[in-house]
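Let me begin by presenting the structure, written as structure tokens, before commenting on it.
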Amino acid sequence: MEISVISIFPGMFDAVAGSGVSRRAMEQGALNLHRWDPRDFTEDKHRGVDDRPYGGGPGMVMKPGPLCRCIDAATADHAGPVLYLSPQGELLTQGLVEELSSEPAITLVAGRYEGIDERVIQTRVDREISIGDYVLSGGELAAMVLIEAVTRLIPGVLGNDKSARQDSFSNGLLDCPHFTRPKQFEGHEVPAVLLTGDHEKIRQWRFQQSLKKTINSRPDLLRQADFGKTGLNKEQIKLLKEFKLEQEDV
Ligand code: ADE
């Protein structure tokens, strides 16, 4: 996958290039990260990328010229959807991450200041994406969140492809609790069922735990959950659907 990032702080992306799953993906050749700085596309001696907003008000706005020239150069190298990270965008969900991970190339635009000139969005941006209902000082961290989430879904990048399938949200539910050695830690035991070796029982226990966690932490997710992906039998799916209907009545 080719990921191009457009940012006036390209050095921030050392974080994803230098460690973790994204670094491994780059070493394997599964991911190429291309950094583009709009300052390199300015035409004035101060290399200015921002200006005051028309209509007045606080803060500065990123100028359309350098940004559009920069996006054009990036997409000429690697065509693909241009995604602008902003709090005004559609919410980044695991579903959207899965969709993006199948693209051969994406270009991420990270804005700074109060945002970017709207005409850049109108003429160059395919999708505006938010990572949550809070405001960051720039899109770089949001772009890195997206890169991390997408990269781990590229086939072969995670050591074990099952890990991605078992994650939170892959079936619409939150992940179950995990335990490793020692069997007893500060007086707390590992749940006995995990020591039985009975895979069917363990699978059911994990599903129940996922369900419990989802009901307690994120009941809103249950409305969209795809129970067909859980590997449950018909009776269990029926019970869950009834439970879901009750939830919708609340
Ligand atoms: N830039 C600033 N805040 C953001 C957010 N919540 N999501 C994506 N990009 C942003």
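Is it true that some residue in segment 124-133 is more than 16 Å from the ligand (Cβ to nearest atom) and closer than 15 Å to Phe41 by Cβ?
If we filter segment 124-133 for residues that are more than 16 Å from the ligand (Cβ to nearest atom), which is where we start, we get 124.
With closer than 15 Å to Phe41 by Cβ added as a condition, the list becomes 124.
Checked segment 124-133: at least one residue is more than 16 Å from the ligand (Cβ to nearest atom) and closer than 15 Å to Phe41 by Cβ.
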Q: Scan segment 27-41 for residues that are out of contact with any strand residue (DSSP E or B) (no Cβ under 6 Å at 6 or more places or on another chain) and surrounded by 18 or more Cβ atoms within 10 Å (Cβ to Cβ) and jot them down.
A: Leu31, Asp37, Pro38, Phe41
Q: Go through the residues of segment 14-33 one by one and say whether even a single one is farther than 21 Å from Val157 by Cα and either at pLDDT below 95 or not in a loop (DSSP other than H, G, I, E, B) (or both).
A: no
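Which residue is farthest from the ligand (Cβ to nearest atom), if the candidates are limited to segment 137-161 and must be small (Gly, Ala, Ser) and part of a helix (DSSP H, G or I)? Step through it out loud before you land on a result.
Quick first cut of segment 137-161, residues small (Gly, Ala, Ser) only: 137-139, 142-143, 149, 156, 159.
Applying the additional criterion that residues be part of a helix (DSSP H, G or I) yields 142-143, 149.
Values: Ala142: 3, Ala143: 8, Ala149: 13 Å.
Out of the qualifying residues, it is Ala149.
Quickly run through segment 92-136 and pick out the residues that are among the acidic types (Asp, Glu) and within 20 Å of Phe169 (Cβ to Cβ). Steps first, answer last, please.
First, pick out the residues of segment 92-136 that are among the acidic types (Asp, Glu): 98-99, 103, 114, 117-118, 126, 128, 133.
Residues satisfying the conditions are Glu98, Glu99, Glu103, Asp133.
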Q. Restricting the first residue to segment 123-137 and requiring it to be touching a residue at least 40 places away in the same chain (Cβ under 8 Å) and of a type in the set (Phe, Trp, Tyr), which pairs with a second residue that is assigned to a strand (DSSP E or B) and within 6 Å of the ligand (Cβ to nearest atom) meet a Cβ separation below 8 Å and a spacing of at least six or different chains?
A. Tyr134/Pro87
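Could you list, in sequence order, all residues of segment 84-127 that are in a helix (DSSP H, G or I) and under 25 Å from Ile154 (Cβ atoms)?
Taking segment 84-127 as the starting set, the residues that turn out to be in a helix (DSSP H, G or I) are 94-101, 118-124.
Those that are in a helix (DSSP H, G or I) and under 25 Å from Ile154 (Cβ atoms): Gln94, Gly95, Leu96, Val97, Glu98, Glu99, Leu100, Ser101.
Taking segment 64-83, which residues are in contact with an Asp or Glu (Cβ under 6 Å, 6 or more places away or on another chain), closer than 15 Å to Val120 by Cα and surrounded by fewer than 18 Cβ atoms within 10 Å (Cβ to Cβ)? Don't jump to the end; show me each part of the working.
Step one: of segment 64-83, the residues in contact with an Asp or Glu (Cβ under 6 Å, 6 or more places away or on another chain) are 64, 78, 80-82.
Checking which are closer than 15 Å to Val120 by Cα leaves us with 64, 81-82.
The answer is Pro81, and nothing else.
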Q. Would you pick out the residues in segment 204-226 that are exposed (fewer than 13 other Cβ atoms within 10 Å of the Cβ) and either in a loop (DSSP other than H, G, I, E, B) or basic (Lys, Arg) (or both)?
A. Arg223, Gln224, Asp226
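Okay, residues lined up against (1) surrounded by 11 or more Cβ atoms within 10 Å (Cβ to Cβ); (2) under 30 Å from Leu33 (Cβ atoms):
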position	(1), (2)
Tyr134	no, yes
Ser137	no, yes
Glu140	yes, yes
Ala149	yes, yes
Gly159	no, yes
Thr180	no, no
Q) If you check Ala143, Ala164, Ala149, which single one turns out to be modelled with pLDDT under 95 and not β-branched (Val, Ile, Thr)? A) Ala164
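The values are calculated or read from the model by the stated rules, or taken from the named source; none is laboratory data. Since this is a predicted model, take the numbers as computed values, not measurements. Counting neighbours? That spans all protein chains shown, and the Cβs are built from the backbone with ideal geometry, glycine included.
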